[in-house]
Amino acid sequence: MKVSVIGTGYVGLVTGTCLAETGNDVLCIDINEEKVKQMQEGLVPIYEPHLDVLFQRNIKANRLSFSTSLKEGLEHGDIIFLALPTPEDEDGSADLSYVLGAAKDIGRLITDYKVIIDKSTVPVGTAEKVTEVISKETNVKFDVVSNPEFLREGFAVDDFLKPERIVIGSSSEKAIALMQKLYKPFVRSGNPVIVMDEKSAELTKYAANSFLATKITFMNEIANFCEKVGADVDKVRAGIGTDSRIGKRFLFPGIGYGGSCFPKDVKALYKSGKEVGYNFDILDSVIRVNETQKKILIPRIERYFNNDISGKTFAIWGLAFKPETDDIREAPALYIIEELLNRGAKIQVFDPEAMPNVERRFGDKIVYSLNKNEATKGADALIVCTEWSLFRTPDFEKLKANLKQSVIFDGRNLYDLEDMRKEGFYYSSIGRK
Ligand code: UDX
């Protein structure tokens, strides 16, 4: 099938590449000329495991190409994916200017029937708006489909190739049939393609992300309570996670959720509620609890150092909002760095992928280390912010020799409490004694 993808951010690139992998002829469009040039040379502009191999293979096979011309995109594809950003507006709602701007251009350029797919996370009613905007410009027939993505950064290729479900929101038989054909190779295992109306599909994405953010936040509160009463959240997690109604996943407490999706989507759903006079009390709490949770280590650090951390040096392991990504959007580590700098502390960081992004933000205000050991040299304490695998089994002897004091503040519960006691560390983690 002939497919065009408008927008080569993380969602657009993964979508385009994976659709090419199953034999479709895919053209990806982006307005950024430099980026398009790079991609034409085979360079993947983001860090996402396994994407590069598929990307280069499909370029070589002439199934994946790039252009800056939306006109070319419309001439090429029978199916047009909109994978454009929907950033957070000042008031927390989703900014639709990119999506509606592209819709207007599509309306001007369209010459024959197309299926236009909203892949971006968009508020309920966006498919309707896109249809309106295009219809104002043309009489040519087209259908708009809502087809939300459920890709996790770091696992996006796998999630796309082996989805647990595909959601298609459309009221057009023709568009539904085309979408089912396009996705058939990805659901051979029997996972469902769930067809529904456009609005329900749009809400499915927000409901999924808000539910998961709520699940994590609930566990963060249970963890905070565990500390007050002397319980161990690891035990509680195991105890409740074995109930299949609750499930084991997304029960890991920590220093809050971050990333490009959860924070933005929870706020946008809350805002959508307000717009129709519905107050999502639960989401209001989730947003507030998560803001506090991101900084939960700060008072502990202050207490340990008798409220004087000015001039103290902190090693930070992990900057990305989660492992296997270089993405630092809404990463808890950034909030911690900010708070510590405000208190006059010095900071030495290490992250396997995210350091260039952090350097763009903090410049020479902090020290960027070549590896995890270097970051700890001469530091008063180690703070763990992201659970990269390489932080899970450190050489504790080396760590003790490097640190001025054997102190770890662990925002991701990486180490065993008993091991920490044996090694002689002062060890503060989340929801454990
Ligand atoms: C999420 C959704 O999982 C995905 O379906 C959607 O399409 C985009 O948003 P992503 O943002 O890549 O994906 O990351 P995810 O793995 O879901 O983690 C989100 C945040 O929650 C991270 O900050 C992570 O550290 C945190 N988290 C996750 C926890 O704190 N505890 C957990 O148990 C799980």
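For the reader, a short list of remarks on this structure follows.
- Tyr270 vs. criteria outside the structural domain of Asp95 (by TED's automatic domain parsing), crowded, with 21+ Cβ neighbours inside 10 Å and of a type in the set (Ser, Thr, Tyr): yes
- The strands (runs of 3 or more DSSP E) found wholly in the stretch 300-415 and carrying at least 1 residues that are of a type in the set (Phe, Trp, Tyr) and under 30 Å from Glu88 (Cα atoms) occupy 313-317, 346-350.
- Tally of residues being assigned to a helix (DSSP H, G or I), out of contact with any Asp or Glu (no Cβ under 6 Å at 6 or more places or on another chain) and among the basic types (Lys, Arg) across the stretch 104-118: 1
- In this structure, Ser260 does not satisfy being small (Gly, Ala, Ser) and away from the ligand (no atom under 12 Å from the Cβ).
- Residue, surrounded by the most Cβ atoms within 10 Å (Cβ to Cβ), within the stretch 119-153, restricted to residues that are more than 16 Å from the ligand (Cβ to nearest atom) and part of a loop (DSSP other than H, G, I, E, B): Val124
- Whichever residue in the stretch 25-55 is touching a Ser or Thr at 6+ places or on another chain (Cβ under 8 Å) and of a type in the set (A, V, I, L, M) and, among such residues, is surrounded by the fewest Cβ atoms within 10 Å (Cβ to Cβ): Ile31
- Looking across the stretch 50-79, the residues that are in contact with a helix residue (DSSP H, G or I) (Cβ under 7 Å, 6 or more places away or on another chain) and among the hydrophobic types (A, V, I, L, M, F, W, C) come down to Leu51, Leu54, Phe55, Leu64, Phe66, Leu70, Leu74, Ile79.
- Residue in the stretch 308-318 that is more than 15 Å from the ligand (Cβ to nearest atom) and either in the same structural domain as Glu153 (by TED's automatic domain parsing) or in contact with a Cys (Cβ under 7 Å, 6 or more places away or on another chain) (or both) present: yes
- Flag for Tyr270 being under 30 Å from Thr86 (Cβ atoms), in a loop (DSSP other than H, G, I, E, B) and either aromatic (Phe, Trp, Tyr) or at pLDDT below 95 (or both): no
- Of all residues in the stretch 228-246, those being surrounded by fewer than 18 Cβ atoms within 10 Å (Cβ to Cβ) and either within 11 Å of the ligand (Cβ to nearest atom) or charged (D, E, K, R) (or both) number 6.
- Those helices (runs of 4 or more DSSP H) of the stretch 27-83 in which 2 or more residues are outside the structural domain of Thr8 (by TED's automatic domain parsing) are absent.
- Tallying residues that are away from the ligand (no atom under 16 Å from the Cβ) and either of a type in the set (Phe, Trp, Tyr) or closer than 15 Å to Tyr47 by Cα (or both) within the stretch 342-367 yields 4.
- Checking each residue in the stretch 325-341 for being within 9 Å of the ligand (Cβ to nearest atom) and over 20 Å from Ile287 (Cα atoms) picks out Thr325, Asp327.
- Residues of the stretch 190-221 that turn out to be within 12 Å of the ligand (Cβ to nearest atom) and not polar (S, T, N, Q), as a count: 11
- Gly101 being closer than 24 Å to Leu182 by Cα and not in a loop (DSSP other than H, G, I, E, B): no
- In the stretch 270-289, of all residues being within 19 Å of Arg329 (Cα to Cα) and not charged (D, E, K, R), the one that is farthest from the ligand (Cβ to nearest atom) corresponds to Ile287.
The values are calculated or read from the model by the stated rules, or taken from the named source; none is laboratory data. Not measured: the values here are computed from a predicted model. Because the Cβ atoms are built from the backbone with ideal geometry, glycine has one as well, and the counts that use them run over all protein chains shown.
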